[in-house]
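The values are calculated or read from the model by the stated rules, or taken from the named source; none is laboratory data. Small disclaimer: the values here were computed from a predicted structure and weren't measured. In this analysis, Cβ positions are derived from the backbone assuming ideal geometry, glycine residues included, and neighbour counts consider all displayed protein chains.
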């Protein structure tokens, strides 16, 4: 079997999670990069070969959308949430005064996630594969031309989302519910921010922003007492009797909570059990936050 066939079979039978919630836009024109970059928190390198991950913020500095931008022979391709495709169309074209054309190609492509696999190769197929720039544990993503054939072996998007939540990586569904800024969403550690773009958007610097955040979107795991998990979306997480945060997304046993750091520190210092909807939960501090992280329950536990 040649390499091309191996890749084709991979998308049918093995590690492919079909991310049905994602769509694809094509941005054409000499000012495509400039028009996109003006809306985003990250810079798109002029000679970029891989994908750039970035988010957009409103006038109050709150995140309202995210996307991946990758170069293609015919302009730029944008991997975005399908529910926001129309929004991006309306934002990009007017900013370039007719010098850029945006086409929604969501029906032409399927988006897949391949976990724990960032190996890239040009196998001669019409597939477009790129490493997820946020975390290597998220593997790679594949844009595959749509066709009539479906596969029961494709894994459900929910399993991919659960993996992302376990790592502490948020997405559009979290931004929509939580109304957080880029530092509360941990985007400073997810390759989504560039100093020049933060300055242009009037946002805090990479040095000042993280330490100023009084709340964070943090991952949690449910420790179920029975065979099922109660509905937790929007429910408070309690440290003893005190609310320390609220669930903003959950998939299976893993979720993300908008956590108030001061009361969480207090609960940890008092060894108060954490619970939500009557079930025990464990909030973690992602180790990939680098120098901010001193261990699983820190630095929040130590007030750092």
Residues of segment 179-223 being free of Cβ contacts under 8 Å to residues at least 24 places away in the same chain and either surrounded by 21 or more Cβ atoms within 10 Å (Cβ to Cβ) or touching a strand residue (DSSP E or B) at 6+ places or on another chain (Cβ under 9 Å) (or both), which ones?
188, 204
When every residue in segment 214-237 that is part of a loop (DSSP other than H, G, I, E, B) and touching a helix residue (DSSP H, G or I) at 6+ places or on another chain (Cβ under 9 Å) is compared, the one nearest to residue 186 (Cα to Cα) is 214
Within segment 239-256, residues being touching a residue at least 40 places away in the same chain (Cβ under 8 Å) and surrounded by fewer than 22 Cβ atoms within 10 Å (Cβ to Cβ) number 4
Would you be able to tell me the number of residues in segment 142-178 that are surrounded by fewer than 16 Cβ atoms within 10 Å (Cβ to Cβ) and assigned to a helix (DSSP H, G or I)?
2
Unique match (being modelled with pLDDT of 95 or more, outside any helix (DSSP H, G or I) and over 17 Å from the mean Cα position of the chain (by Cα)) among 198, 203
203
At pLDDT 85 or above, part of a loop (DSSP other than H, G, I, E, B), under 20 Å from the mean Cα position of the chain (by Cα) and surrounded by 14 or more Cβ atoms within 10 Å (Cβ to Cβ), is that true of residue 134?
yes
So which of 49, 28, 62 is touching a strand residue (DSSP E or B) at 6+ places or on another chain (Cβ under 9 Å), modelled with pLDDT of 95 or more and surrounded by fewer than 20 Cβ atoms within 10 Å (Cβ to Cβ)?
62
